[in-house]
Every structure is written in C-alpha cells, then in structure tokens.
Amino acid sequence: MFGCAGQPDETQEIVDNLAEAGFPADDIMVVDGKVYVGRDAEVSLAASREMLARDHSTEEQYHTTNLISSAVTKICINGSTFTGNFSTALDLAIQNYDELPLSFAMARTPSTGCSFTINAVIQPGVVGGSAGFPSGGLPYGTINIGGGLSSYSVDVIEHVITHEIGHTIGLRHTDYYNRSISCGSGGNEGDAGVGAIHIPGTPTTATVGGSLMNSCFRSVETGEFTSGDLSALTYLYAALPPRPDKGPWYNPARSGNGLDIQHLASDQIHVTWYTYTAAGVPIWYQAYLVAEAGEWRGDLLQTSWTGSSATFSVVGTLRITYSSGLWRFYWKLGSLSGNEPIQFLAFGGGSTVMNLNGLWYNGAEPGWGGSFNTQGNTHVLNLTVYQGSNPVWLQGVVNSASTSLVFPMTYVTGTNLCPGCTGPTSTSGTAAGTFTVNGSAGTPGGMAASSAVSFPGGTWNRPSFTLNRLTGP
C-alpha cells in the first residue's frame, strides 16, 4: 500500500522531467499510472532523470539519449503467454535482431547466458503496442503487444513486436517530428535537443513504409527491417571486433619490424610501431586505437624530444582488422599508405619468474620508455628513446630466471623495411651498450634501472632512475 500511496508523486516527477526535457505537453500521456511519450514509449522515473542529466547540446534526431551498454551481451525475451500467431511473430521479431552482427545476441526464454530479460505481455483490447526507453545502460523491461492485433497477419504482428523491441534499446520513431507521415494525423513528438538524436548514415526525413520505426503501421507491413533501420542498428550496436592479444606482432614475410600491442580498456588498445625510415634508420610511432565496427582505428602519432619532455604530432592513421581468422594492419603515413598481414610472435615458453610484459616509463622524464615482452624467462626489451629530437628504438634480449637483468642493447637498421618500401629486405645490428633493471619476482610495478646506451647520432645515458609500469601484465 505504501507503493500505491507514493505513485502519484513519482508519476508527476516523470511528467515534470519530460516537460523540462522539452517534450510537448500534448505528447505526454498518463495511462493507469504509467507515463508514455510518442503514444507507445513508456518512460520510467530513472529514464526521465537520465534525460535531464545528459548534455543537451545536440539538435539532431532518431535515437534516445539512453542506450544500452556494451555489458549487455544477450537480451532474452519472455513470451510465455504468447501463443499461435503471436508466438510465431515473437520468434520472427527476435530473429530480426539476432541474425544481425550486433554487440548483443537475442533469444527467447528459456535460454542461458541472458544479460537482461524483457517480459512480453499481451494487452487485451489494444491494437498496437507500447514499450519504454533504456535506463542505467539496460533495456526497458516490458513490451506490451495489443491483443487486438489478432485480426492482422503474422507479418504485421512481427512488425509491431520488432518496433517495440526497438524502443527498449533506444530507437525513437523515425517520423517523430511529424507523426502524420505514417499516422495520417498528429504533430511533432518533440526533441528540444533531447531524446531524438540523428543516427549518422540514416535518412533525415521519413516516408511511409520507409522504416519499421515509423509511428504507425500499415496492414501491408512485412515485419522486416528497411535499409535505414539496418544502418541505424549497425551504427549504434555493431559488434566490436575481437581484441588482438597483448604483446609482439609481425609479418613473417617482412621480419625485422613489427608492432607491440597493449590493452588499455575493453574497447581501446595502444600500439607501438617499430619500423624504419627510407634510409634504414630505426623509428617508432604510436597509436591509441578504439574499437569500431569491424576494426580498431586511431591516429598515428610521432613524438619529438625537446631535451626534457616529448611533444606529439599526428602523422597519419592506423587500423587493425580481423576477418576469417586473419589479422591485418593498415597504415597511412603522410602521402603513403599500405597494409600487410600480421600474426602474434611467440618466442618462449615455460614458467616465468618475473613478468615484465607491458609498457614502462621514467616518471621523471615522460616521453620515453620501453615495451617489455616476457615469455617464460625470455625477456625482450624494445627501448623507445631519441636520436637528437627524432624517435629511435633499440632492442635487447635476455634469457634468465634472475630478477636482475642486464640487456645487451642492439641498434638495428633495416633495408627495404620502411613504410612503402619494396625489394629484398634485411636487417643489421650494432652493439649499443646495456640497459639494466632490478625488479622482483611476480609482476613488479616498478624497478630500479640504469641506461648506458650509445648509437649512431646519439646516446641515452641515465645512471640511476625508477622505471614504472604503465600497462600490463
């Protein structure tokens, strides 16, 4: 009874929040204590509060400000009361989503591995349906499907169910700005920069039959997504590409250069590219890649040393793709571009005493450091320093179970291994001093270090400093 007593205040707060967010008063409807906008999208208290908390600077249309999070990997729908054509239509609507390469799967209960379950309810005497907006990164929990649809075809019922599921994951009406396009009457549902954000790659105008998310349906609906609907879903919820393993990657056909990949977040990786100039001088670049539809993409950065710190400039782009079990690396550097296959480089095995895997840096001199790769008790260090102001890398390898390691460093030059270079490839190494670390068993977070490195055109001598872990293990 306490819940009933508090309901009017909660309902009024939702209405007030929607009005403050910019929804026209004639588009807000209260039925049986539930608040709807657009005639079929129920708004919870949490969702209405989220709308007010968002940055409302945009003035575009199409999806709500509230979307489901990437943590939702499988949406299940409980349609236990659906029978006959309604049951068939529910299966088809679920299939519409599940057959797409989206960030979430969709299934009908009972099913395992559900991140969230939506309850599908038959609403007697109603022709049409209703649902709600996501909140807290989760879909809305209920879709109501009118029992009055029993006089329509399976395709039409499938259309309505697919439409209402679209609301639960954040899709607005395509003709929100003029409901008369699909309904024959009605005006603007309102946006005011809130709750109706245009999805890039989709039309900015609505047409009859042009979208499954139009406000009203026809008796000839097929129940299938249009090309615009597919573009919208792909943009919002395209499945993220797999994440490449941490560590060294290379192209065996062009051995001598390669990548070091480190994980920053589930949708972000750091890449260091160890390569050469046209003159064969070793040079390194870095990139922060973000997961997008089917690929990892980001700007390619080059650093310059000022004498005490580094500056960064964008010099191109870098992409990594995965298809049919194969990884591929795409780069653009100035006016040059190219791509090549890459694979993980395995060089050691067995138990590990000290795991140094990751990026490390000197906190007193940010802008230089190294990537360590440990496999078993074999440790590879790619030291990223500078030749004057220009970035240069050196490599050292140690096979030892000790926690105190002295890396004999090598200055490596490469023939025909530069970006865009062709012809027979080769490398040549010159001894370049030592790099020493004193760590600890397990996965140290910091260690004493010293650098006594010299190479053509420069030196990197640091007698005593602390090397700190930036990523890994």
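The values are calculated or read from the model by the stated rules, or taken from the named source; none is laboratory data. Everything numeric in this text was worked out from a predicted model, so none of it was measured. Neighbour counts are summed over all protein chains in view; Cβ atoms, including those assigned to glycine, are modelled from backbone coordinates with ideal geometry. Ligands, DNA and RNA are excluded from the accessible area calculation, which covers all protein heavy atoms including side chains. Shrake-Rupley method; radii C 1.70, N 1.55, O 1.52, S 1.80 Å.
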Summing -39500 (n - 2.57) over every DSSP H run of at least 4 in the chain, dividing by its residue total and rounding to the nearest 500, the 222 nm mean residue ellipticity is -5000 deg cm²/dmol
Taking +1 at the Cβ of each Lys and Arg and -1 at the Cβ of each Asp and Glu, which of Q12, T306, V160 sits farthest along the dipole of the chain towards its positive end, judged by Cα position relative to the Cα centre?
T306
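Taking a ≥ b ≥ c as the square roots of the Cα gyration tensor eigenvalues, with a/c under 1.5 meaning rounded and otherwise prolate when a/b beats b/c, else oblate, which class fits segment 63-146?
The shape class here is oblate.
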Using alpha-carbon pairs under 8 Å, 6+ residues apart, how would you state the relative contact order of the chain in percent?
10
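How much length is gained if the chain between D267 and S313 is pulled fully straight, taking 0.36 nm per residue apart and subtracting their Cα-Cα distance, in nm to one decimal?
Working: separation 46, 0.36 × 46 = 16.56 nm, distance 2.30 nm.
Here the segment from D267 to S313 would lengthen by 14.3 nm.
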Using Cα atoms only, what is the angle between the long axis of helix 227-237 and the major principal axis of the chain, expressed in degrees (0 to 90) to the nearest 10?
50
Note to self: C-alpha centroids of segment 446-473 and segment 109-162 sit apart, in Å, by 60
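When the dipole is taken about the Cα centre of the chain, and only Lys, Arg (+1) and Asp, Glu (-1) are charged at their Cβ, what size is it in debye, to the nearest 20? It would help to have the intermediate numbers written out before the result.
On the way: 18 positive and 34 negative charges, 465 e Å.
So the dipole magnitude of the chain works out to roughly 2240 debye.
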When ranked by the protection proxy of mean other Cβ atoms within 10 Å per residue, highest first, what sequence do the peptides 340-348, 82-90 form?
82-90, 340-348
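Over the chain, give the accessible area per residue in Å² for a 1.4 Å probe, as an integer. Please list the in-between numbers first.
Working: 19790 Å² over 473 residues.
About 42 Å² of surface per residue is accessible.
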Using alpha carbons only, how many degrees (0 to 90, rounded to 10) separate the axis of helix 2-21 from the longest principal axis of the chain?
70
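Which percentage, to the nearest 5, of the DSSP beta bridges contained in segment 70-171 is antiparallel?
Values: 3 of 16 bridges.
Within segment 70-171, antiparallel bridges account for around 20 percent of the total.
Taking all protein chains as present, what is the carbon and sulfur share of the accessible area of the chain, in % to the nearest whole number, probe 1.4 Å? Display every interim value, and only then the final one.
On the way: 10250 of 19790 Å².
Whole-percent figure for carbon plus sulfur exposure: 52.
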Given contacts defined as C-alpha pairs under 8 Å and at least six residues apart, what's the relative contact order of segment 247-341, whole-number percent?
15
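Just check segment 247-341 against the gyration tensor rule for me: Cα atoms, a ≥ b ≥ c as the square roots of the eigenvalues, rounded for a/c under 1.5, and otherwise prolate or oblate depending on whether a/b exceeds b/c.
Working: a/c = 1.74, a/b = 1.27, b/c = 1.37.
Since a/c reaches 1.5 but b/c is at least a/b, the shape of segment 247-341 is classed as oblate.
Averaging sequence separations of C-alpha pairs under 8 Å and six or more residues apart, then dividing by the length of segment 64-189, give the relative contact order as a whole percent. Walk me through the numbers before you get to the answer.
Values: 251 pairs, mean separation 35.2, N = 126.
About 28 percent, as a whole number.
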